[in-house]
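Heads up: the structure comes next, in structure tokens.
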Amino acid sequence: MLRRISCDEVKPGMYVSGFGGSWFEHPFWRAKFLLESPDEVARVRNANVPFVLIDDALGLAPDQPSQPTSTFPQSVPSFTRQSDRERFKERATSHSARKRQEAKKLLLRSKEVMRGVFEDARLGCAIHSPSMNGVVEDIIGAVSVESQIFLTVARLKSKDDYTYLHSVAVCALMVSVGRHLGMAKSEVHDLGIAGLLHDVGKMAIPDAILNKQASLTDKEFENIRTHPEKGYQLLLESPRIPKIAMDVCRHHHEKMDGTGYPFGLRNEELSFAVRLGAICDVYDALTSNRAYKKAWSPHKALGEMSQWEGHFDLKILAALAQAIGIFPSGLLVRLSSGRLALLLGNDSGQAEPSAITFVPTPNGAFVDPQRIPLGQRKDEESVIFIEKPADHGIADWDTMSTELRSAV
């Protein structure tokens with residue numbers, strides 16, 4: 001059972017399941033872990049957050065006596081300590097399975113709501129946002145407590161459900177980034193509505209084109225390209241739709257360099273919500289199985305997207321990586337201190353990412369390489385931007401990356 005307590009109430013043996021307030025304010029890279037040491041307890045107590053969520057199914061409840069799990073009395077035999085560890089692992093596994101079932105139930109409910117919304121759109125009926133408010137609030141609650149589980153389950157889509165669940169997944173991704181950036185609750189809610197409705201215009205496209213597994217003809221592709229404007233016109237006729245939802249619906253296929261559609265907008269002509277919607281739309285599509293392609297891993301998707309010249313706002317792409325805890329190795333990034341670094345991500349099984357900071361020189365060499373952890377504590381570095389090596393005079397980033405890894 002989840003319980004909300006103040007920072008002063010935490011003690012060793014509790015299982016932290018989340019923090020209140022902005023992601024930036026709590027002192028840990030991960031929001032779910034067992035409190036095992038006095039140092040961890042002190043860091044939580046000193047955190048600038050309004051509350052801590054603990055799960056007493058996986059650790060101590062507030063009314064139970066403190067029992068540090070990593071410092072059992074010496075009189076307790078080692079096999080007892082091991083059995084305690086095994087029991088904790090079993091409870092954690094059971095907890096994860098239960099949360100996956102809850103995520104699946106939420107996705108099923110959300111899918112049925114969106115099926116109704118999209119069917120109304122197919123018939124040319126106005127969209128009523130109150131029917132989606134509950135979906136957004138449920139998704140905000142899910143990603144605030146178990147974001148990884150919910151987003152993982154949301155990537156599993158059948159061909160028949162793809163349109164509806166894609167919208168739910170984009171909603172969850174946009175909400176996750178909004179919360180990560182500490183945006184106001186009303187703003188996060190509007191981002192969620194925007195995610196749900198970004199593809200509503202596809203209901204005006206014939207199924208034969210939408211579901212075609214072969215390559216589209218030029219005429220069919222031109223038909224597909226009309227869906228942002230058709231969706232926007234439908235939302236204009238619908239009551240109480242947030243303006244940013246209409247903006248995202250109309251412009252989520254625009255690109256930063258002006259090569260997108262329908263209007264070829266670029267850079268500052270694109271709002272934050274549009275830039276975020278474009279990223280989340282593509283990321284979920286790449287990480288979902290489709291009839292004509294297998295899903296990419298989250299790490300591959302983010303790594304490849306960062307290399308698509310002119311497509312995305314790389315600062316927002318970095319925010320998505322931070323929000324969902326996906327750090328692809330090998331990228332050149334800008335850290336919160338302003339330093340450049342080679343990202344050593346968590347795509348090789350390691351739980352916590354790190355980076356190698358360095359100072360580039362005009363001849364493409366580097367000085368002062370240093371390996372540092374990323375975002376584990378409030379005073380540690382975080383990734384704020386994905387950089388292009390060529391912008392810093394680095395002609396052969398692959399070779400330089402190898403040399404940096406060998407230097408530390």
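Anything over 30 Å Cα to Cα? Flag those among LYS104/LYS388; LYS111/LYS230; LYS157/LYS300, in the order listed.
LYS104/LYS388
From largest accessible area down, sort LEU314, LEU108; use a 1.4 Å probe on the protein chains.
Per-residue accessible area, sorted high to low, gives LEU108, LEU314.
Set the Förster distance to 51 Å, then compute FRET efficiency between GLU268 and LEU123 from the Cβ-Cβ distance, nearest 0.05.
Efficiency for this residue pair is about 0.85.
May I ask you to give the average projected area over all directions of the convex hull of the Cα atoms of region 196-333, in nm² rounded to one decimal?
For the Cα atoms of region 196-333, the hull's average projected area reads 9.1 nm².
Residue by residue through region 332-342, what is 3J(HN,Hα) from phi via Karplus (6.51 cos²θ - 1.76 cosθ + 1.60, θ = phi - 60°)? Round to whole Hz and write x for glycine and proline.
Each residue of region 332-342 in turn: 8, 10, 9, 8, 4, 7, x, 6, 8, 7, 8 Hz.
Using a 7 Å offset from the Cα along the Cα-to-Cβ direction at both ALA407 and ASP391, what is the distance between the two label points in nm, to one decimal?
Going by the 7 Å Cα→Cβ label model, 2.1 nm.
Mind listing the long-range amide H neighbours of GLY59? Cut-off is under 5 Å, sequence gap 5 or more, other chains count too, H placed in the peptide plane at 1.01 Å from N.
Under 5 Å from the amide H of GLY59 lie the amide H atoms of TYR15, each far enough along the sequence or on another chain.
Once the mean 1/r over all distinct Cα pairs of region 157-214 is inverted, what Kirkwood radius in angstroms do you read off?
Value: 12.5 Å, from the Cα pair sum.
Would you mind computing the Rg to Rh ratio of region 267-363 from its alpha-carbon coordinates, Kirkwood style for Rh?
Dividing the radius of gyration by the Kirkwood radius yields 1.00.
Would you mind calculating the gained length between ALA214 and SER336 on full extension (0.36 nm times residue separation, minus the Cα-Cα distance), in nm to one decimal?
Separation in residues times 0.36 nm, less the Cα-Cα distance, equals 39.4 nm.
How large is the Rg to Rh ratio of region 151-276 when both quantities use alpha carbon positions and Rh follows Kirkwood?
Rg/Rh: 0.97.
Per residue of region 388-403, what does 6.51 cos²θ - 1.76 cosθ + 1.60 with θ = phi - 60° give for ³J(HN,Hα)? Whole Hz please, x for Gly and Pro, Karplus curve as stated.
Per residue, the Karplus-derived 3J(HN,Hα) values read 9, x, 4, 5, 10, x, 9, 7, 10, 5, 4, 5, 5, 4, 4, 5 Hz.
How high is the FRET efficiency between ASP161 and THR259 when r is their beta carbon distance and R₀ equals 25 Å, given to the nearest 0.05?
Once rounded, the FRET efficiency stands at 0.20.
Full extension from GLN101 to LYS293: what is 0.36 nm times the residue separation minus their Cα-Cα distance, to one decimal in nm?
Extra length from GLN101 to LYS293 when fully extended: 66.4 nm.
The values are calculated or read from the model by the stated rules, or taken from the named source; none is laboratory data. This structure is a prediction, so every number in the text was calculated from the model and none was measured. Counting neighbours? That spans all protein chains shown, and the Cβs are built from the backbone with ideal geometry, glycine included. Please note that ligands, DNA and RNA were not included when accessible areas were found on the heavy atoms of the full protein model with its side chains. Shrake-Rupley method; radii C 1.70, N 1.55, O 1.52, S 1.80 Å.
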